[in-house]
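Heads up, the thing below is written out as structure tokens.
The values are calculated or read from the model by the stated rules, or taken from the named source; none is laboratory data. This structure is a prediction, so every number in the text was calculated from the model and none was measured. Cβ placement follows ideal geometry from the backbone for every residue including glycine, while neighbour counts extend to all protein chains displayed. Note: areas computed on protein heavy atoms with side chains; ligands, DNA, RNA excluded. Shrake-Rupley method; radii C 1.70, N 1.55, O 1.52, S 1.80 Å.
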Amino acid sequence: MILFCGDPHGEFDHIIQRVQQAKPAAVIMLGDQCMSQPFEQTFAAILGSTDIWFIHGNHDTDTVHYYDHLFTYHDRNLHGRVIEIDGLKIAGLGGIFRNQVWYPPEEPQHITKNDFMARCGKGNLWRGGLPRKHRSSIFPEDIQSFDGLKADILVTHEAPSAHPHGFQAIDKLAKSLEAKFIIHGHHHDPFNYGSQNYMNIGLRDLFELTC
């Protein structure tokens, strides 16, 4: 069983309690963790009980603390990767579309992160790289990183086009991966798609998928 967690926004007790009760094979958090303390400290009670994975949301780059408490645990970041859990291949795409980079269906302002850094000015760089805010922006190269990969499930922060605030670019990625299901967060009031192929996990909601 895999436990999917809608945007926690700093609250994790309900996740820890569900893990202790249900003992899932893995936990996947769908962005906007907004951690007030480091990842290992936040999940100390369950780190030995289950695999914990995450994608980042737009708010995970709001502050230095949020960023450092999450992104330093990079080996559990599902963004740009396909992993296998309980026989299912799961792909992850964190972040959101932003006008300064790419807001589909408009053409992208920047294809790569290096292109953005070359144009944004040295004074706007953070720790010698992308501005912190744009470390949660989706670039076309993030999509391209999945070329040739296949997955059963695509987990994203942004929504597919069937959502009123969704994007066809998410649909296209799922199609290229041959993913049958898209599971996403970001939108706090869960949207009823009327389809088993899409699922919006709302604010701090939990969903158990039995494999």
Tail weight of P(r) past 32 Å, computed on alpha-carbon pairs of the chain, percent: 13
Where N is the number of residues in the stretch 59-137, Cα Rg divided by 2.2 N^0.38 Å: 1.25
Surface share of carbon and sulfur [accessible, 1.4 angstrom probe, percent] for the stretch 22-143: 47
Debye intensity ratio in log₁₀ form over the Cα atoms of the stretch 154-211, taken at each q of 0.15, 0.24 Å⁻¹: -0.38, -0.98
D_trans [Stokes-Einstein, Kirkwood Rh over alpha-carbon pairs] for the stretch 10-89, 4 °C, 1.567 mPa s, µm² s⁻¹: 100
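Hey, could you grab the Kirkwood Rh for the stretch 117-161? Inverse mean 1/r over distinct alpha carbon pairs, Å, one decimal. Working shown, then result.
Values: mean 1/r = 0.0770 Å⁻¹.
Computed over Cα pairs of the stretch 117-161, the Kirkwood hydrodynamic radius comes out at 13.0 Å.
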Non-local Lys pairs in the chain, i.e. 8 or more apart or on different chains, that have alpha carbons under 28 Å apart: 19
DSSP-loop GluC sites (Glu not before Pro) across the stretch 112-211, with at most 15 other Cβ within 10 angstrom: Glu178
The chain: relative contact order as a whole-number percent, Cα under 8 Å and 6+ apart: 24
Computed magnitude of the charge dipole of the stretch 12-72 (debye, nearest 20; Cβ of K, R +1, Cβ of D, E -1): 280
For the stretch 1-57 and the stretch 134-211, distance of Cα centres in Å: 19
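Can you give the extra length, in nm with one decimal, that the chain gains between Asp147 and Asp51 once fully stretched, where that is 0.36 nm per residue apart less the Cα-Cα distance?
My answer for the length gained is 32.0 nm.
Given +1 on the Cβ of Lys and Arg, -1 on the Cβ of Asp and Glu, and no further charges, what dipole in debye does the stretch 90-188 carry about its Cα centre, rounded to the nearest 20?
480
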Probe 1.4 Å, accessible area per residue of the chain, Å²: 47
